[in-house]
1. Say we join alpha carbon atoms closer than 10 Å with springs in a Gaussian network model of the chain; which of Ser55, Ser219, Ser168 then has the biggest fluctuation?
2. In whole Å, what is the distance between the alpha-carbon centres of region 229-256 and region 179-197?
3. For Phe14, what is the net charge nearby, where nearby means another residue's Cβ is under 14 Å from its Cβ and Lys, Arg count +1, Asp, Glu -1?
4. Based only on other Cβ atoms within 10 Å, what is the fewest-to-most ordering of Cys243, Cys167?
5. Can you give the local net charge around Leu218? Use residues other than it whose beta-carbon is closer than 13 angstrom to its beta-carbon, Lys and Arg +1, Asp and Glu -1.
6. Could you state the per residue volume, in Å³, of the convex hull enclosing the Cα atoms of the chain?
7. Where in the chain are the helices, taken as whole DSSP H runs, whose Cα atoms extend 20 angstrom or more along the long axis and whose Kyte-Doolittle mean reaches at least -1.0?
8. Taking N as the number of residues in region 165-246, what is its alpha-carbon radius of gyration divided by 2.2 N^0.38 Å?
Amino acid sequence: MSAVNDTNFNSAVFLLTGTPGQEYVHLWISILFCLVYVISVVGNAVILFIIRSDSGLHEPMYIFLSMLAVTDLGLSIATMPTTLGTFLFNAREISLDACFAQLFFIHSLSYSESSVLFLMAFDRFIAISHPLRYASILILPRTAKMGLVCVLRRVAVVFPLPFLLKCSQYCQANVLSRSYCLNQEIIKMACSDIRVSSIYGFFVTVSTVILDSLLILLSYVMILKTVLSIASHAECVRALSICVSHFCAVHLFFISGTGLSVVQRFGNSSSALLQILMGYVYLLVPPMMNPIVYRLKSKHLHARIIRVLKK
C-alpha cells in the first residue's frame, strides 16, 4: 500500500485553472494580464533604477520604497509564467515541486511586502513626530538592517511550509481554482492528515500579515495624534501629505487581501468566480498601482523620473 501511495505521490500533478466557464474570453483576459505585467515590471524597475542612480534619493523613505518595488517585482515574476501560460496556451499542468516553489515565493514575497509597509509606516511616524531627529534616528545602515531583518524573518517563517506540504500525499491530479499555487488551496487537495500544515499556515498568517496590519494601524493612530496636536492648519496638512502615498499603498494591499479572505470565508459556490477574480486583484493590482501612486504623489521621485525621461 505504501508503495502505491509513493507512486501516486511522485506522479501527481496539479491542474491550473483560468476562469471556469469563461474560456471564450481567455485571449482577451491574457491581453489584459500582459498589460498589467508590463506596467508592473517596467514601473517597479524604473523606480529601482531611479533610486539606485540618484544619490539624492538615498534616504530611508526611498530605501523602503525600493524594497517595496523589489517585492512587487518578485510577485509579478512569480505569477507571470503560470498565469500567462494558462490563459494564452492552455498549459494547465504543473508538477508538485514547481507548485511548491511558486507557493513559497508568492507567500514569502506577499508577507515581506506587509513588513515593508509597516517599516514605511514607522518611517512616516518618525518623520512627523521627530522631524529634527529623523536623520539621526534612521541612518542608512540602520534602515538597511531593519529592512533586511524583517524580510529575512518573513522568508524564514514561510520556508518550512512547502516541506510540510510535500510530506502530504496527493493521490490524483487535482484541479486548482486559479492559475497559480496558494497554500490555502493546496492543503485542501491532500489525501493525508493536514493538521500540522493547517496549524502552521494559520500561525504564519497571524504572525505576519495580521501582526503587521495591527502595527501599521498603531503607527497611524500615533501619527494622527501627533498631527492633531499641531496648531497650524498648514503644517497639519503638510504633515498629512507626507503619508498620502503610503496610505494608498497600504489600502491597496490590505483591502484587496481582506476582500479575498472575506469572499473565501463567507462566499458560497455561486461566488466562485468572484473569489477567483479577487485572488487576481490581490496579487496583480498592488504591484501595478504602487509605482503609479508613488510617482504621482512623491514630488521628488516624479521630478527625477521626468528628468531621466527628458535625457
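1. Maximum fluctuation in the GNM of the chain, among the listed residues, is at Ser55.
2. Cα centroid to Cα centroid, the span is 39 Å.
3. +1
4. Cys167, Cys243
5. Spelling it out: positives minus negatives among the neighbours equals +1.
6. Cα convex hull per residue, to the nearest whole number: 153 Å³.
7. Taking the DSSP H segments of the chain (at least 20 Å long, mean hydropathy at least -1.0), we get 26-53, 60-89, 96-129, 140-158, 211-228, 244-266, 272-297.
8. 1.87
Throughout, read-outs are computed from the coordinates displayed, never taken from laboratory work. Just so we're clear, the structure is a prediction, and the values are computed from it rather than from any experiment. With ideal geometry, Cβ positions are generated from the backbone for all residues, glycine too; neighbour counts draw on all protein chains shown.
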